[in-house]
Number of protein chains: 2
Amino acid sequence: MFSSCWLKSSVRYSRLIRQFSSENSFFKVELVPSDRKTPLQPRKVVAPRFEKKTRQKISDYLKQMATPEIEAKLAPLRAAVKEYGDLIRDLKAKGAPKIDIDKAVVELKARKRLLEDTEIALAPKEASFDRLKLEDLLKRRFFYDQSFAIYGGVTGLYDFGPMGCSLKANMLQEWRKHFILEEGMLEVDCTSLTPEPVLKASGHVDRFADWMVKDMKNGECFRADHLIKNSIEKLLNDKKTSAAVKQDGQDVLARLEGFDNKDMHEVITRFNFKSPITGNDLTEPIAFNLMFPTQIGPTGDFKAFLRPETAQGIFVNFKRLLEFNQGKLPFAAAQIGLGFRNEISPRQGLIRVREFTMCEIEHFVDPEDKSLAKFAKVADQKLVLFSACNQLDGAPAQEVAIGEAVAKKTVANETLGYYMARCHQFLMKVGIDGRRLRFRQHLSNEMAHYAQDCWDAEILTSYGWIECVGNADRACYDLQQHYKATNVKLVAEKKLPEPVDVNFVEAQANMALLGKSFKKDAKKIQTSLQQLTSEQVSALEEELLAKKLYNLSVDGQNYALTPEHLNIKKYTKKIHVQEITPSVIEPSYGIGRIMYALLEHSFRQREGDEQRTFLAFKPLVAPIKCSVLPISANDTLIPVMDAVKEELSRFEMSYKVDDSSGTIGRRYARTDEIGIPFGITVDFDSLKTTPFTVTIRHAETMSQIRLEVSELGRLISDLVAGRQQWSDAQAKYPKFEASATE
Amino acid sequence: MFSSCWLKSSVRYSRLIRQFSSENSFFKVELVPSDRKTPLQPRKVVAPRFEKKTRQKISDYLKQMATPEIEAKLAPLRAAVKEYGDLIRDLKAKGAPKIDIDKAVVELKARKRLLEDTEIALAPKEASFDRLKLEDLLKRRFFYDQSFAIYGGVTGLYDFGPMGCSLKANMLQEWRKHFILEEGMLEVDCTSLTPEPVLKASGHVDRFADWMVKDMKNGECFRADHLIKNSIEKLLNDKKTSAAVKQDGQDVLARLEGFDNKDMHEVITRFNFKSPITGNDLTEPIAFNLMFPTQIGPTGDFKAFLRPETAQGIFVNFKRLLEFNQGKLPFAAAQIGLGFRNEISPRQGLIRVREFTMCEIEHFVDPEDKSLAKFAKVADQKLVLFSACNQLDGAPAQEVAIGEAVAKKTVANETLGYYMARCHQFLMKVGIDGRRLRFRQHLSNEMAHYAQDCWDAEILTSYGWIECVGNADRACYDLQQHYKATNVKLVAEKKLPEPVDVNFVEAQANMALLGKSFKKDAKKIQTSLQQLTSEQVSALEEELLAKKLYNLSVDGQNYALTPEHLNIKKYTKKIHVQEITPSVIEPSYGIGRIMYALLEHSFRQREGDEQRTFLAFKPLVAPIKCSVLPISANDTLIPVMDAVKEELSRFEMSYKVDDSSGTIGRRYARTDEIGIPFGITVDFDSLKTTPFTVTIRHAETMSQIRLEVSELGRLISDLVAGRQQWSDAQAKYPKFEASATE
């Protein structure tokens, strides 16, 4: 049973959802000098007062890890984790029964969770993050908001307003440039509507589900793990609850992530949990498939789903893409598009939604050679890696050069390592705070049986560490599944060093007889026979000769074949190329999640004036690049305004004119709030020279320079593209001191 | 009942689908000189031979309109159309019964169709378009192809490959720049999943449907109008069919577009049409809703649909957008996103699909003032207008300055006229052939009752004139519908020239009593009372006083209200602003259709070598901007290749290296085929100078120049952005003559 976590790497193959309760999470908001003070003062971190109990906080605990006092407190917890990590390694080495290993893993996870919760709880209280204030800003300035609000809204659906749209479009454009253009990937754009057989083959129809329980009387649904968590938390906060029950509840909470339906049913029964709304009894946990069902065409019998991921569209186009690449491996295909997941009861804003934009790459490679020439370019790049080993040892994440990590086999291969490094570069480019980013390796029990290695890029937000990108080596599972379902070979040809003679044994169906014996199933049997390996055919032949009968099993059904049903064909062929099913390295990006993390990381308050909040975006992704503010409504300024607008349009720099009557300071505050990085002010000095001059104010530092209008477009476009930094502009152009009116 | 044609302007409000049978459509393929001849020879149009009967052809008949011989043949047909146009005007003026007018309209349409078919049939046979050749190229080089082909494919679903993806992305980027950025529009990005009540209010749940008939025995479905058309065409081609039946059939064909379910049932019964597959009897026409149904959440009782258009997402966000615009009108919001339509039996490739990308603008404006200051900028721009008047008169489309068309009230207002001009500019920018573009006005019976004017941008392709953009003045219908459904006022405030005293009469519900009398319906009654105008309340009061009873009708149900159920409140208020429901001007772009038309218009064959087909894209939208071709595999060329690649990357110009062993000529042909506008060749002369030099070949004309690598990036990026033309580059750099090897 898959969890509904959007990242398929974990979604498909694990029930582990990494999140922390908001109560014990802390975070630091960066405070920068207020307008009223001298600009360019070094930034300071001060504590905003807490106005409401409900404020969300989370610690930037990566920075705290090194503190000796904290480490001392964490040491016994780390040791406790390590004890079980060692135990598991030992059990595996001894070949202990699976049940013993599984039990130890449950205990290990409980200990890991206690360690991580404590790490966050120990972070200094004064470092805090005010999520309500950010949410207020995002709603008020229409970055995004709940969909269909005038109809009462729908949980898990969000509409992006002009600011959110532009931010998202800029992020996607950078993604396309960073990956598709720079790496020469083959982009595809496939449909969201997906026929059932495709998702049956991929495993989603059978296993892409969450457990839910229903109110026995009114049918209301709850996600089983959420219901247990909330019910236990209620118990823990109840003074009447006995110490023994509290201990039991805490124990369940710690182990909940590893529970299956039977475990959850046992807990619900033992604690006698009821519907939190009606108090009615609850059903046993029922599997609820998370795909949105629909039908194609008018007959109603062509079942389809909205795709839960874009990846399958790439796999079913593999043959065309390989051909497009002139038959050569390796190559990467990419897709930017919508995914849909019918969450049972989504919460957490943009983190868990029912319709979302994702960017996925499928890098097809020879399974026997996953080296990559361009890996050398990134080998020295340092990443914060939280390896499975670290997790088993209770050790903190470590900064390691990716070249070293691959050399030591911490990261499975160069291709995977390369994409992790490129992922890090992308997240830095759009403005994620590197100190709140780590790559966490999946534990072997979190991965599918066929996956070889998987590293999630996790970003620290006020919701805890959120997995925003999955980087997985998925071996050749998907291509093989689609081959089995369609009998269309999804393979590449690999030239052999020298030709070899190979003996083939094939079972050729006698269709006339098969049709007579098995009617409409004949085709299925033929396909199954075609897919047998030479070894399997030899075994079949042997049995058929001996018993004059062979029971062929197809999709769980048995067909009794007699020698007349088929011909065994044997031949030798000189083989120059070998057919291989490529392995797939799959980086998968959740754009909404990255965007939300980016909003948190960009959120600032002016020092001494915490009501003045703003967003310090990188110019590259800022929704609007410039504000244009006339100092007065006087008509004499119009020619300068027109010149500025024309200059900015010439360089395709977006701008927002604010010619309202507020003071220039208030207008700055308003444009700062939506993250406009550069404010262009037209004042009466603008007219004094020919050509006109204007000032540019850098929102983050509030420092200003003065320059000619004709230089504006190129400078802003250079600042946006990163060809120049603000400090370069400050060095080149005269400083402008804000007047008293600001 | 709406037709399923994707453009909502007509979809919602008309049954008229403009398409021609492929047999009598012709088109000209542009032929340009072949590689083997001298470059820069002027282009000539020559006739490709027809190899197959199935080849698709269509005439570029706009160019033929002026020919006197053709006009002479068309004159009687034009007169026949005009006769009925005049009759209808006359009937309307006399206030004749609706049924008489409707009958005349059916006859008018039949005559118009005959005229248009004849126009196309009269086009010279030697001008032809080979659609099969284009389709072969598009499939082979993976521009797009049927989705899930390895699973047998799904009709009406297409996947875009690397070339199609990039072409689409470039078109969308230009659209965003041309409209959202340049016009300062507010972009939104809403969900595809849409709850039922939203689409109930918009009218889609009840009326967004096509008529279908089912095979009585096996349930197979056919679109009723398609079945009739195909069945009659079969009859017409049958030698045994009597002349009388043929005449009857032709008559039905001409009138089919205006048929409702009863008309179609009558025809099916009269002709005794059966299922074309089984010969079984058919049901009466059944309405089939074209939206894809699904459910949100696990309970199964939250019905939803995939949106059939993006517009509703903008309307439900109107309040937020108005606020974002600081309460001011006019403003425009835009959305780029997916639409879904569950076509009964889609054909015609990208023209009619089940999932598609559309770009929609909703320009909100004071209904009493639709003037637009920036209209002056486009007033002189000439468009080919095919007005309702022209259509009624049987006259051809005319080239008119948009300023003149608005002044003469041919086009309803400046805002609508402005968007038509901007639409024309956009289509020209991406590469649509202006001679195959016209704006066709909807006849009054094609529009919804509330729509005020509508002009479709129609593009001539081998499928006939295809509506690719709708430009409609939709009045205030949608906002009012959502207000009725939600009781959330969707209005803007308009400042009055001076304050006025206004008398208000309101009916305030006595909820306690209403609840007692009408239980759960009380809330609905309250809402209905709140939405009454002062006049309506006064009338209600009068009746209530007289009869002590008032029958309030809500959603078709009657509620008997007594005086106790409500209080009438009267008061006078000084009003400074007036609340108005804005009108909406809606341009709606079908990107897939424009893209398909663009592919046809860009398709070329080399003169004298018609097997060598290629795509002459504008550099702005070309999927890949340059090819990079080393003249030999010799290692000495590697430093030049590297320098070229680095230079192109610095300017973000996409390129494709073709270092395969084919001759340079064959490699040129391969890159021409996918529309790469510039070919950069690295030869042994490249090494002879420092810095290195290379040649650039302009694919369309095959002329070449030689320049230094360091000048490459800026030149190509200028050519792509349109800052320089190829002729500028030819004037500046030395010409390079292709050597014998090419």
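The numbered conditions (1) closer than 22 Å to A:PHE736 by Cβ; (2) assigned to a loop (DSSP other than H, G, I, E, B) are all true for A:THR671 except (2). Here the helices (runs of 4 or more DSSP H) wholly within region B:447-561 that include at least 3 residues being under 33 Å from the mean Cα position of the chain (by Cα) are B:477-486. One residue alone among A:ALA334, A:ALA407 is out of contact with any strand residue (DSSP E or B) (no Cβ under 7 Å at 6 or more places or on another chain) and of a type outside the set (Lys, Arg), and that residue is A:ALA407.
Among residues that are of a type outside the set (Ser, Thr, Tyr) and either buried (at least 21 other Cβ atoms within 10 Å of the Cβ) or closer than 29 Å to B:LEU227 by Cα (or both), B:GLU368 is not included. Looking only at region B:654-663, residues that are more than 24 Å from B:VAL720 (Cα to Cα) and in contact (Cβ under 8 Å) with a residue 60 or more places away in the chain come to 1 in all.
Taking the criterion of being of a type in the set (D, E, K, R) and more than 23 Å from A:THR581 (Cβ to Cβ), the residues of region A:531-565 that qualify are A:GLU541, A:GLU542, A:GLU543, A:LYS547, A:LYS548, A:GLU564. Only a single criterion out of (1) within 14 Å of chain A (Cβ to nearest Cβ); (2) outside any helix (DSSP H, G or I) is not satisfied by B:THR241, namely (1).
Return yes when B:ASP225 is closer than 23 Å to B:PHE340 by Cβ, in a helix (DSSP H, G or I) and without any contact (Cβ under 8 Å) to a residue 24 or more places away in the chain and no when it is not. Here the answer is no, as B:ASP225 does not meet what is asked.
Looking only at region B:534-571, filter to residues that are hydroxyl-bearing (Ser, Thr, Tyr) and in contact (Cβ under 8 Å) with a residue 40 or more places away in the chain; which one of those is nearest to B:LYS519 (Cα to Cα)? Result: B:TYR559. Out of B:GLU673, B:GLU700, B:GLU652, one residue alone is within 28 Å of A:ILE180 (Cα to Cα) and modelled with pLDDT of 90 or more. It is B:GLU673. Could we say that A:SER649 is within 14 Å of chain B (Cβ to nearest Cβ), closer than 25 Å to A:GLN173 by Cβ and not hydrophobic (A, V, I, L, M, F, W, C) here? Spelling it out, A:SER649 is indeed within 14 Å of chain B (Cβ to nearest Cβ), closer than 25 Å to A:GLN173 by Cβ and not hydrophobic (A, V, I, L, M, F, W, C). For region B:482-536, residues that are among the hydrophobic types (A, V, I, L, M, F, W, C), more than 21 Å from B:LEU561 (Cα to Cα) and crowded, with 19+ Cβ neighbours inside 10 Å total 2. Being touching a Gly at 6+ places or on another chain (Cβ under 9 Å) and either in contact (Cβ under 8 Å) with a residue 24 or more places away in the chain or not in a helix (DSSP H, G or I) (or both) is the filter here, so list the residues in region B:426-441 that pass it. Matches in region B:426-441: B:LEU427, B:LYS429.
Of B:LYS370, B:LYS328, all but one fail to be at pLDDT below 95 and more than 23 Å from the chain's Cα centre (by Cα); the exception is B:LYS328.
When restricted to residues that are more than 21 Å from A:GLU174 (Cβ to Cβ) and either under 14 Å from the mean Cα position of the chain (by Cα) or crowded, with 22+ Cβ neighbours inside 10 Å (or both), region A:432-445 contains 4. The single condition among (1) touching a Lys or Arg at 6+ places or on another chain (Cβ under 8 Å); (2) loosely packed, with under 14 Cβ neighbours inside 10 Å that A:ASP473 does not meet is (2). Within region B:283-312, the residues that satisfy the criterion of being small (Gly, Ala, Ser) and more than 20 Å from A:ARG341 (Cβ to Cβ) are B:ALA287, B:ALA311. Answer with yes or no whether A:GLY665 is in contact with a Ser or Thr (Cβ under 8 Å, 6 or more places away or on another chain) and in a helix (DSSP H, G or I). So A:GLY665 fits the description; yes.
The values are calculated or read from the model by the stated rules, or taken from the named source; none is laboratory data. Predicted model only: the values in this text are computed from it and were never measured. Note that each Cβ is placed from the backbone with ideal geometry, even for glycine, and that neighbours are counted across all protein chains shown.
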